[in-house]
Structure formats: structure tokens, C-alpha cells
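J.: Supplied in C-alpha cells, the structure appears directly below.
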Amino acid sequence: MNPIVQQVTERLIKRSQTQRQAYLQMIQQAVQQGPVRDQLSCTNLAHDYAAAPDDDKLILKSSQRAANIAIISSYNDVLSAHAPYRHYPEQIKTALAKAGHVAQMASGVPAMCDGVTQGQDGMELSLFSRDVIAMSAVVGLSHQVFDGAVMLGICDKIVPGLLMAALRFGHLPTIFIPAGPMPSGIGNSEKAKTRQAFAAGEVGEDELLSSEMASYHSEGTCTFYGTANSNQMLMEMLGIQLPGSSFINPNNPLRRVLTDYASQLVAHKTALEPGFMPLGQMIDERSIVNAVVGLLATGGSTNHSIHLVAIARMAGIELTWEDMADLSNVVPLLARVYPNGAADINAFQRSGGMAFLMRELASEGLLHTDVNTIMGTGLSDYFQEPYLDSDNQLAWRPAVSESLDLSVLAPAHAPFMREGGMKLVSGNLGNAIMKVSAVPDDRWVIEAPAKVFTDQNDALAAYKAGELNQDVVVVLKQQGPKANGMPELHKLTPALTNLQDAGFKVALVTDGRLSGASGKVPAAIHLSPEACAGGLIAAIKDGDVVRLDGHAGELSVFTEGFEQREFETPQAQVSFGLGREIFQVFRNQVSSAEQGAISIDF
């Protein structure tokens, strides 16, 4: 085992000891002997069985070995990645019926598309939707008639929310079932160039829309490596999704076979079977470390510096940004997928995919291979990939021995970078996350005067007026969870990229978020404490000299007397319209980004 990985794991176990023990006791007390439905009254059960088909009623009434599996779905037509889920519940029910089990749609959860709301007022609900999803899934599971659960979710806040809920029902075995990415459209680099040209006023909306629709063109996950595809990678790293199942396209015949297999597999993990494996015991401190290693090795979404902290907390585990930073110092970058490269997620899959990646990381002692997974004991099942044999039956084969495209997927002995794709930067402003996997080496250190804004549209107006045509650190404050729900600020990326391409040294410092597809402009994001929580970012003025150093892990203001400067902590304003006013309760009690931006108090 790599000594730093081992050291981080041991201190995580030590730090989490009290909370983890309390969590394990909670789920142990919830485990029932025999079907959980035996604990309910006849009236309770009659309500549950009322709408079930007669065959299901017979099974539920008479069989002591039949499992009732909850389906929690985030299907809607707005998210292209979730549109394939339309028919999954019936498929899952059919697959389970063949094995003598029953499934019920326990609940649907809200699922917003960050691509649709990006740069719009609705984006202020995005981060909080994660906790709403968690609470919604809990409501579905609270009927207490289920022996296991299937989670149908892929995109940004949805998977973290579903997993947070599943961990609070950690006495149940749970599996996540993906639907896969859409086939490749136009190249991501071509799409980015059109966005930059639009930001510069060189092309109009018709050309921009045509470009975007050529990229986002069918059912399936968006093909860049943002939060949605990072989610899928993490579910495999955690062992709660079938090996190699993440990045198979929706219409591939293998997809349906994998869904059937996953549905039946979770029924074999219930308390009614000898192989009982509840989720809360399966995911432990080692599993969380594996997830962080996967995030770093692939240059995954910075959103997971927030989500993984929140997910871990639901299992009684206290993950910190320092843990992530220390792991980043020893985890090599093995994937180049846009925005960290030119390729898309389909190219990653063709190059060897998750099986190759996980085997390479394990060969360097960077993964805990002795963890439990939905497949059984040990991580070696994840060093293989699924395929259909000559009889169209599901089979497994070892990962490719070598990467099939070295520009996309590198072996551990010859990585793209010797360090992971994420850094912790600290100084007199607090702590922030810097994603460096897509940033050129000569841009890791920026020292320049600040231009300060409290609205990204004002920053864009300044760009269009030529007021940012200089070496500049754009400071965008009052964008944290308490201020406005921490919307992503991806709208700024084309403009800042144009400034950088024009030869200026440019960086962004914000207590807000960037998209999971944040690119090659250096940015210190998720700054904690945020302005509305008394953070010193509120004190920054135009002209203050700001230094961002990704090598040294530094973020500081060097203006004389800055730390003694008097300033007023800005008060968050209640936003009205699109239901944002209803979410004020979340803003009032949310924790910092560094603590997972959790608004659920328990």
C-alpha cells in the first residue's frame, strides 16, 4: 500500500471513530431477521399490497425468502441522461420476478439539469437540490417494506443525493444502475471554440445553438467529463455499480443485460440471503479513500470536493479537504478527457475504461483492494469488463493489458501528471479548491491586481467593455451556499479563456462553484469561509494584489494591512422568483463548502 494512502486512511479512521461507531450501531439496530414486512401490521401491509399485481401479492404474502426491492428513480425528460430510465422500472420488476422477487416504485425524486439552468436564476436551486433529493428518497424508503434498493440516477446532484439517502438506510443493500453516455457528437474542443467566439462577439446565437445541439444530441449522459460522468466513475470506485457498466451507450444490447443482472444481484444481498451485505457496512473509510483516488486520477469534477464530504458524513466518516490534498500529492493523473484533454468519455471507454484504470491504480498500491463491493469481497472484480458472449449472455473478461489510446488513458508507470488533478490552496483568505489537471504548468502561479464583482453578469459586462484586458485576478464574491445557493459560474469560462488566450495572466477567485467541466483557466473556488459567513473575501477591493500558487498551495492577498482591514459581512438577500424564496431555509442553515454544504441537520 502506498504509505501516504495508508496514512490518510488511518487518520480518517481515527478521526471518524466515534461517529462511525454510532452509525454502525444505528444500522445494526435497523436490520430485521426475516422479511422486513413481517414487522408491519396487516393494515400496513394491505395498503402496500393494494395496487400490486396478483402474482406479487401472492409472493409478498407467502414467501419468507422473497425480497421486495425499492426502486428510487430520478427519471424525467429534461435530463438526456435520465430519459432512458423511462422504461427501467418495468424491466427491473420483470428481471426480479424471474428470480422470484418483487420490486416496487418507492418514489421519484426531483432531478434538475444543470446544463439547462447554467447561468440562469434556477441554478440557485441546484446545490440544494442534492439535499432535497436525499430527503425525497428517504421518504420513499420510510415505508419500511423493503429488503433492498435500486437507485436510478446519473447526473450532477442526483447521484450524491441518492447515495446520501441510501447511507441513512445503510441496513439495506443498494445498487446504482446507470444508463450510459450518448454517442459522440462534435468534438468538445470545437464546441468550446464556438463558445469563445460567441463570447467575443464573432458569431451569433444561431451558430452557437447549432454547435450546442450537435454536441448534446440524443439520450444519454453528456460526453464531457463533468460531474455526471465523474459520478459514474465514483459509483464503480465505491463498488456499488456493476464493473464496467458506467460508460456503455444506452442502446447497446449489453446495457439491458447489465440492468437485468444488477436488479437480480441486489436481491441476493438482502438479509434473506447468506450473502447479506448492507450498504452501510460495505462503504467504509477505505471505500471513501478509493473514491477520492479515482477522482484525482481522472481529473474529475471539483463538485465532488463538496459532495464526497457530504456523502462520507452520512456514513459517519469525517472526510476533509486536507485528506484530498494529501492524496493528490501521490495519485497520478491517468486520464485525459475533456476538459482535461480533447477526448470524450466514449474514447475513455474504448481506450480501456474503468477496468484498466482501476487495475493500474491498484498495481501501484493506490487502492484498497480488500473492500467489500456489490460483487462480493475484494476489488479484483472491477479489473474486468463485461461483454456479451456468442450466446448473448453476460460474461466478463480481464481489462486490456495496455491502453488502446495513450493520448486518453495512461498506464500508472507513465502518467500524464505525477500528481492528481486537484489542489488545496490556503492563506489569509481561507481554504479553496484548485483544479489543475487542465491548467498549463505555466499558469499554476498567478499574481495580479484584483477586479471585484458580486455578480457574474457584471464581470461579463466588464469583459465586453474591455475593462479586464490586463493581468487580472477576477474576484467574484457572495456566491457561496449562504449567499445564493452557490450556483455554478461556468458562464465566465469562455470570457476568461479568451483573456488568457490573448496573452494576459488571468485567474478566478470565488466562494462559488465552477462547472464540473471547468477548464484551463486557473481558479480558486469553493473558498471557505464565504463572504456571507464572515470570510475575508468580502474585504477584497479592486487593485488588491492576489496571489494564487497551485505549486505551493497558496491563496493570499498581499496588500499591506489587508488582514486588519475593517469590513462588513454582507447579508444574503432573499431571492424571489422560480421558487427561490422557498429555499431560504436551506441558505440559513447550510454548512460551508469545506464541510460539504449540507443543509440537513442531524
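J.: Relative contact order of the chain: what whole-number percent is it, with Cα pairs under 8 angstrom and at least 6 residues apart?
T.: About 15 percent, as a whole number.
J.: If you stretched the chain out fully between CYS42 and VAL545, how much longer would it get, using 0.36 nm times the residue separation minus the C-alpha to C-alpha distance?
T.: 174.0 nm
J.: At a 10 Å Cβ-Cβ cut-off, how would you order SER16, SER390, SER363, SER74, fewest neighbours first?
T.: Listing SER16, SER390, SER363, SER74 from fewest to most nearby Cβ atoms yields SER390, SER363, SER16, SER74.
J.: Using only Cα atoms, find the angle between the long axis of helix 227-237 and the longest principal axis of the chain, and express it within 0 to 90 degrees, rounded to the nearest 10.
T.: 50
J.: Still on this structure, please answer the following. Less than 12 Å from a label point 7 Å out along the Cα-to-Cβ axis of MET26: which backbone N atoms in the range 278-299 qualify, by residue?
T.: Counting backbone N atoms under 12 Å from the label point, the list is 280.
J.: Another one. Note down the Stokes-Einstein diffusion coefficient of the range 292-406 in µm²/s, whole number, using a Kirkwood radius over alpha carbon pairs, 4 °C, and 1.567 mPa s.
T.: 82
J.: So what is the 222 nm mean residue ellipticity for the chain from helices alone, if each DSSP H run of at least 4 adds -39500 (n - 2.57) and you divide by all residues, rounding to the nearest 500 deg cm²/dmol?
T.: -11000 deg cm²/dmol
J.: Another one. Classify the range 1-108 as rounded, prolate or oblate, taking a ≥ b ≥ c as the square roots of the eigenvalues of its Cα gyration tensor: rounded when a/c is under 1.5, otherwise prolate if a/b is larger than b/c and oblate if not.
T.: In terms of gyration-tensor shape, oblate.
J.: For GLU568, project a label point 7 Å along Cα to C-beta. Then give me every residue of the range 577-593 with its amide nitrogen under 13 Å of that point.
T.: Nothing falls inside the zone, counting backbone N under 13 Å.
J.: Past 26 Å, Cα to Cα: identify those pairs from LYS435/LYS505; LYS14/LYS157; LYS61/LYS269; LYS61/LYS157; LYS57/LYS98, in the order given.
T.: Correct reply: LYS14/LYS157; LYS61/LYS157.
J.: Also, quick follow-up: From the P(r) of the range 423-595, can you give the percent of Cα pairs sitting at distances over 19 Å?
T.: Considering the range 423-595, 53 percent of its Cα-Cα pairs are separated by more than 19 Å.
J.: Work out the length of the dipole vector of the chain about its Cα centre, built from +1 on the beta-carbon of each Lys and Arg and -1 on the beta-carbon of each Asp and Glu, and round it to the nearest 20 debye.
T.: Computed about the Cα centre, the dipole is about 980 debye.
J.: Going by alpha carbons, how many degrees (0 to 90, nearest 10) lie between the helix axis of 126-141 and the longest principal axis of the chain?
T.: So the inclination is approximately 10 degrees.
J.: Rounded to whole Å and sorted largest first, list the principal axis extents of the Cα atoms in the chain.
T.: Principal extents (Cα only, largest first): 76, 52, 50 Å.
J.: Give a residue-ordered list of calculated ³J(HN,Hα) values for the range 432-438 (Karplus: 6.51 cos²θ - 1.76 cosθ + 1.60, θ = phi - 60°; whole Hz; x for Gly, Pro).
T.: 8, 9, 10, 8, 10, 4, 9
J.: Taking 51 Å as R0, compute the FRET efficiency from the Cβ-Cβ separation of LYS464 and ARG86 and round it to 0.05.
T.: That gives a FRET efficiency of 0.75.
J.: In whole Hz, with x marking every Gly and Pro, tabulate ³J(HN,Hα) for the range 17-22 from phi via Karplus 6.51 cos²θ - 1.76 cosθ + 1.60, θ = phi - 60°.
T.: Values, residue by residue: 3, 5, 5, 5, 4, 4 Hz.
J.: What percent does the relative contact order of the range 423-595 come to when contacts are Cα pairs within less than 8 Å and at least six residues apart?
T.: Here the relative contact order equals 30 percent.
J.: Quick query: amide H of LEU429 versus all other amide H atoms, modeled in the peptide plane; which residues come in under 5 Å with a sequence gap of 5 or more or a different chain?
T.: VAL557
J.: With the cut-off at 21 Å, report for the range 413-484 the share of all Cα pairs above it, as a whole percent.
T.: Counting every Cα pair in the range 413-484, those more than 21 Å apart make up 44 percent.
J.: Where Lys and Arg each count +1 and Asp and Glu each count -1, what net charge lies around ASP511 among other residues with Cβ under 15 Å from its Cβ?
T.: -1
J.: Aspartates and glutamates within cross-link reach of LYS451: Cα-Cα under 16 Å, excluding same-chain residues under 8 positions apart?
T.: Straight-line reach from LYS451, under 16 Å: GLU467, ASP471, ASP511, ASP542, ASP544.
J.: In addition: Using DSSP, restrict attention to beta bridges with both residues in the chain and report what percent are antiparallel, rounded to the nearest 5.
T.: So the antiparallel bridges amount to about 45 percent of the total.
J.: Please give the length that would be gained between SER401 and GLU322 if that part of the chain were fully extended, namely 0.36 nm times their separation in residues minus their C-alpha to C-alpha distance (nm, one decimal).
T.: Computed gain between SER401 and GLU322 is 25.0 nm.
Since every read-out is calculated from the coordinates, none of them should be taken as a lab result. Since the structure is predicted, the reported quantities are computational estimates derived from the model, not experimental observations. Note that each Cβ is placed from the backbone with ideal geometry, even for glycine, and that neighbours are counted across all protein chains shown.
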